[in-house]
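This report concerns only the one structure given below.
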Amino acid sequence: MKFFIDTANLDEIREAHDLGVLDGVTTNPSLMAKEGIKGRDNILRHYKAICEIVDGDVSAEVVSTDFKGIVAEGELLASIDEKIVVKVPMIKDGVKAIRYFANNNIKTNCTLVFSAGQALLAAKAGATYVSPFIGRIDDVGGDGLELIQQIVSIYNTYGFATEVLAASIRHVPHLIRCAEIGADVATCPLSVILGLLKHPLTDIGLEKFLADAKKTM
Ligand code: E4P
């Protein structure tokens, strides 16, 4: 399973990278706004800075919603660095653009996916990744993990190459269930990645080992 970090914060990306477990980064316009990045040139520079930290794929989202605009924006984003994956919303022109990008060897991440039907369309269009949003489905009373299970099953049945990128992961149990189900990638905040480290018995055991080690010195 690949671990992506879901942030545009360079310090957090560096921290996850330094841990040695990071396979990529996902961003979105809200995460970019949170970092105070404004203006086209600054946005492009920021994506480049992220690409210089990580070894894997970096999703950069388009904000156009028409085919021509998505293609122009996606091509510009893809020209920044070969690690860039163009993140395209699950809308009609988005699906057409994903097919265009697939035909032109540009990687894509189909975002804002909330149903198995949408995931099927993304795979048919040739998306590199599909991003079902677990937390946001849970927020409205649905079952985000059930959707991950459905998509993994459909993709396995037909051998689609599109990777299931479980997104909107809010806590460690979400991540563990995604691993059990067989999601290809999980993107989550740094707090969730670091949350994997924690177990009270580890802390108690370490304290005891260190205390006993003192006796041997
Ligand atoms: C995924 O690519 C999205 O950026 C992200 O996971 C959305 O998460 P949220 O629902 O916590 O905003």
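The values are calculated or read from the model by the stated rules, or taken from the named source; none is laboratory data. These figures come from a predicted structure and were not determined experimentally. Heads up, the Cβs are rebuilt from the backbone with ideal geometry, glycines too, and the neighbour counts pull from every protein chain shown. For the accessible areas, the whole protein counts, side chains as well, though only heavy atoms, and no ligand, DNA or RNA atoms are used. Shrake-Rupley method; radii C 1.70, N 1.55, O 1.52, S 1.80 Å.
With a Förster radius of 45 Å, plug the Cβ-Cβ distance of Met217 and Ala49 into 1/(1 + (r/R0)^6) and report the FRET value to the nearest 0.05.
Working: r = 45 Å, r/R0 = 1.01.
Taking R0 as 45 Å, the efficiency between Met217 and Ala49 is 0.50.
Of Met32, Met217, which has the most accessible area and how do the rest follow, probe 1.4 Å?
Largest accessible area first, the residues go Met217, Met32.
Using a probe of 1.4 angstrom, how much of the accessible area of region 92-139 is carbon and sulfur, in percent?
Numbers: 1020 of 1980 Å².
Taking all protein chains in place, region 92-139 shows 52 percent carbon and sulfur surface.
With a bin width of 5 angstrom, please list the P(r) values of region 2-216 as percents of all Cα-Cα pairs, from the 0 bin to the one holding the largest distance.
Pair shares across the bins are 1, 7, 15, 18, 19, 15, 11, 5, 3, 2, 2, 1, 1, 0, 0.
What relative contact order, as a whole-number percentage, does the chain give when Cα pairs under 8 Å and 6 or more residues apart are counted?
On the way: 370 pairs, mean separation 36.8, N = 217.
Taking the mean separation of contacting Cα pairs over the length of the chain, I get 17 percent.
Within 10 Å, count the other beta carbons around each residue, average over each peptide in 178-191, 150-163, and list them highest first. Write down the numbers at each step before the final one.
Working: 178-191: 19.6, 150-163: 15.4.
Ranked from most to least packed, the peptides come out as 178-191, 150-163.
I need the peptides 194-204, 109-119 ranked by packing, meaning the mean over residues of other C-beta atoms within 10 angstrom, with the highest value on top.
Numbers: 194-204: 10.2, 109-119: 21.4.
Put in order of decreasing packing, that is 109-119, 194-204.
How large is the helix-only mean residue ellipticity at 222 nm for the chain, computed as the sum of -39500 (n - 2.57) over DSSP H runs with n ≥ 4, divided by its residue count, in deg cm²/dmol to the nearest 500?
On the way: 11 runs with 117 residues, N = 217.
Helix-only estimate at 222 nm: -16000 deg cm²/dmol.
Say R0 is 22 Å: what FRET efficiency, to the nearest 0.05, do Ile176 and Leu210 get from their beta-carbon distance?
Numbers: r = 28 Å, r/R0 = 1.29.
For R0 = 22 Å, the calculated efficiency reads 0.20.
Rank these by accessible area, largest first, 1.4 Å probe: Glu61, Glu15, Glu207. Before the final figure, lay out the partial values.
On the way: Glu61 30, Glu15 95, Glu207 135 Å².
The ranking, largest first, comes out as Glu207, Glu15, Glu61.
So with the 1.4 Å probe, I'd like the accessible area per residue for region 1-47, rounded to whole Å². Spell out each step's value before the answer.
Working: 2550 Å² over 47 residues.
Here the per-residue accessible area is 54 Å².
Please give the per residue accessible area of region 85-139, computed with a probe of 1.4 Å over protein heavy atoms only, in Å². All intermediate terms of the calculation are to be shown ahead of the outcome.
On the way: 2100 Å² over 55 residues.
Accessible surface, normalised per residue, equals 38 Å².
Based on the mean of other Cβ atoms within 10 Å per residue, sort peptides 49-59, 137-147 so the most packed one is first.
Details: 49-59: 19.0, 137-147: 15.4.
For the peptides 49-59, 137-147, the packing ranking is 49-59, 137-147.
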